[in-house]
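In what follows, a single structure is set out as structure tokens and then discussed.
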Amino acid sequence: EISTRDWSSDVCSSDLWDRLDEPAQRAFAAHLEAVNWPLLAEMQRLVAGDAHVSASALDLADAVTPRCLRLGDQSNPIPPAAAVRRGGEALAAGTVGAILVAGGQGTRLGCQGPKGLCSVGPVSKASLFEVLFGKLVAVRRRYGRDVPLAIMTSSATDADTRRFLDEHACCGLAPERVFVFRQDDLPALDAADGRLLLDGPGHLAVAPDGHGGMLVALSQSGGLDWFGAQGVEHVVSFQVDNPLAMPLAAEFLGYHLLAAAEFSTQVIRKVDPAERVGVVVASRGRHGVAEYSDLPAPLAAERLPDGRLRFHAGSIAVHAFTKAFLDRVAARDDALPLHRAFKVVPCLDAAGNRVVPAAPNAIKFERFIFDLMPLADRVCVVEIDASAGFAPLKNPAGSAGDAPEHVHAAVVNHARRLLAKAGVRVAEGVDVELAADRIIDETDIKALLPAGTVLESPVVVGG
Ligand code: UTP
């Protein structure tokens, strides 16, 4: 039976209902019944209110950049060699799992389907999925144990991601060690009055609930228990758009473990106030991430006496958590606040015509993983070189930054640097790539190519 609830005050147009035939009315009613109405009420309050409301909101006025360990830095309080050893032990013991968040719509890039399908291999043309899954294969090769991988998809990416995994035999990962789970959608609301929008007859305009949707979705899908059943005690998380991501670097894991941190995170040195990365800050004994859009320009530009930016720990969304921490925060229903984003959302107007507004017309809501940081009792921040671990694909070709050509150059440059460390020279202007499933660092290259080798033409080393 079709619900008798009066939807007309919540949905943007009234007589559109009558234009639907009965099966369509039933489908629409079911769609509406599935909306989380108490949450919708909270979202509607946010349309009118602050940009986002967080119980753990950080006070930036007295915030500082926390002490960061640096990858490979002998002056770290924890020696790098000890960290490499400890991280390697955890990988060899099979106590580390991984979460790849791959539910984003990739609107800036304008890709059709999951961003993970985009090609990023300068020579191999391998996709982001192939490169990132390959890294787990390389870890298994070196340490002898699988890293259980949970992949978060969304309504926008689920079917294509599952098809890709089937067609590519999980890129060499053991299928029983791969767990695909889907995050929720949230409705987009009319920015003017907070009402629901329709993106078609009988269909609400919705969008994935942000990478922070990972927490609830992982727990409700049984993913946390799945990790537990495999003996996972620590979980790394990383994003699908960064082919250089190194969430399983033994040294990073070693710092996380030896610092007995609940939450560890990788950062890059922010040198220009205009760089569009959030920053890790510490305030009153808690750590958190301030988004670049939340950092007032004068604070973003402030410098320390030694010339560094006051807020220089740029967040790259590569984290490690204890499984116990994830279990603890997943049990709370207030762990992650909602953030608002003012966006263009195509929708039906009052007459039922589909319009693509010229200016942002809607509020989309998202939760962010990094908002878990203030809930952690011990946080470890590890600075890495951006050139070694961060090349996100965000924008279409021809953009000023984070476009395919920048990613391509970053992947080639990273390969050239590791090859040089292994004593291998690459001729000027030649594209080279390292096979993700074989090469973690220069030791793997040394096992394949004698020092003094010169590469004269494009090649995938280890491929
Ligand atoms: P971004 O915030 O860059 O979003 O995602 P996006 O969808 O890739 O691109 P735009 O903003 O629409 O242009 C950073 C990471 O978080 C994941 C993405 O897949 C990417 O790995 N993500 C984002 C999710 O898993 N779910 C979401 O709802 C949003």
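Things to note:
- Any hit, region 114-121, residues being among the β-branched types (Val, Ile, Thr) and either over 20 Å from the mean Cα position of the chain (by Cα) or at pLDDT below 95 (or both): no
- Of the criteria (1) over 30 Å from residue 290 (Cβ atoms); (2) at pLDDT 90 or above, which one residue 8 fails: (2)
- Residue within region 227-250 that is surrounded by fewer than 20 Cβ atoms within 10 Å (Cβ to Cβ) and within 23 Å of residue 340 (Cα to Cα) present: no
- Evaluation of residue 66 against (1) more than 15 Å from the ligand (Cβ to nearest atom); (2) in contact with a Leu (Cβ under 9 Å, 6 or more places away or on another chain); (3) assigned to a loop (DSSP other than H, G, I, E, B); (4) not small (Gly, Ala, Ser) (one fails), failing number: (2)
- Under the condition of being assigned to a loop (DSSP other than H, G, I, E, B) and either farther than 22 Å from residue 130 by Cα or small (Gly, Ala, Ser) (or both), the residues counted in region 449-463 number 9.
- Only one entry of 75, 56, 3, 13 meets the criterion of being at pLDDT below 95 and surrounded by fewer than 15 Cβ atoms within 10 Å (Cβ to Cβ), and that entry is 3.
- Failed condition for residue 277, given (1) modelled with pLDDT of 95 or more; (2) surrounded by fewer than 23 Cβ atoms within 10 Å (Cβ to Cβ): (1)
- Unique residue being within 30 Å of residue 47 (Cα to Cα) and either without any contact (Cβ under 8 Å) to a residue 40 or more places away in the chain or part of a strand (DSSP E or B) (or both) when the list is 288, 307: 288
- For residue 127, the criteria (1) among the hydroxyl-bearing types (Ser, Thr, Tyr); (2) under 29 Å from residue 431 (Cβ atoms); (3) more than 16 Å from the ligand (Cβ to nearest atom) hold in every case but one, which is (3).
- Answer residue from region 139-162, given it is assigned to a helix (DSSP H, G or I) and in contact with a Leu (Cβ under 9 Å, 6 or more places away or on another chain) and is nearest to residue 178 (Cα to Cα) among those: 161
- Residues satisfying the stated conditions in region 327-379, i.e. touching a Cys at 6+ places or on another chain (Cβ under 9 Å) and in contact (Cβ under 8 Å) with a residue 24 or more places away in the chain: 347, 348, 349, 350, 354, 361, 362
- Test for residue 123: is it β-branched (Val, Ile, Thr), surrounded by 19 or more Cβ atoms within 10 Å (Cβ to Cβ) and in a loop (DSSP other than H, G, I, E, B): yes
The rows are residues; the columns are (1) surrounded by 19 or more Cβ atoms within 10 Å (Cβ to Cβ); (2) away from the ligand (no atom under 16 Å from the Cβ).
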residue: 181; (1), (2): yes, no
residue: 193; (1), (2): no, yes
residue: 196; (1), (2): yes, yes
residue: 211; (1), (2): yes, no
residue: 214; (1), (2): yes, no
residue: 223; (1), (2): yes, no
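- Looking across region 242-255 at every residue that is under 19 Å from the mean Cα position of the chain (by Cα) and away from the ligand (no atom under 15 Å from the Cβ), the one that is nearest to residue 435 (Cα to Cα) is identified as 246.
- Single residue of 116, 110 found to be of a type in the set (Gly, Ala, Ser), near the ligand (Cβ under 10 Å from one of its atoms) and either free of Cβ contacts under 8 Å to residues at least 40 places away in the same chain or not in a loop (DSSP other than H, G, I, E, B) (or both): 116
- Of all the numbered requirements in (1) over 19 Å from residue 44 (Cα atoms); (2) in a strand (DSSP E or B), residue 207 misses one, and that requirement is (1).
- In region 78-107, the qualifying residues are those that are part of a loop (DSSP other than H, G, I, E, B) and within 16 Å of the ligand (Cβ to nearest atom), and the one that is nearest to residue 441 (Cα to Cα) is 102.
- Condition check for residue 239 on (1) under 25 Å from residue 139 (Cα atoms); (2) within 16 Å of the ligand (Cβ to nearest atom); (3) free of Cβ contacts under 8 Å to residues at least 60 places away in the same chain: one failure, at (3).
- Inside region 184-205, residues that are in contact with a Ser or Thr (Cβ under 9 Å, 6 or more places away or on another chain) and at pLDDT 95 or above make up a count of 2.
- Count of residues meeting criterion [surrounded by 14 or more Cβ atoms within 10 Å (Cβ to Cβ), of a type outside the set (Val, Ile, Thr) and within 16 Å of the ligand (Cβ to nearest atom)] in region 343-363: 3
The values are calculated or read from the model by the stated rules, or taken from the named source; none is laboratory data. Please read these numbers as outputs of a predicted model, since none were measured by experiment. Note: ideal-geometry Cβ built from the backbone for every residue, glycine included; neighbour counts use all protein chains shown.
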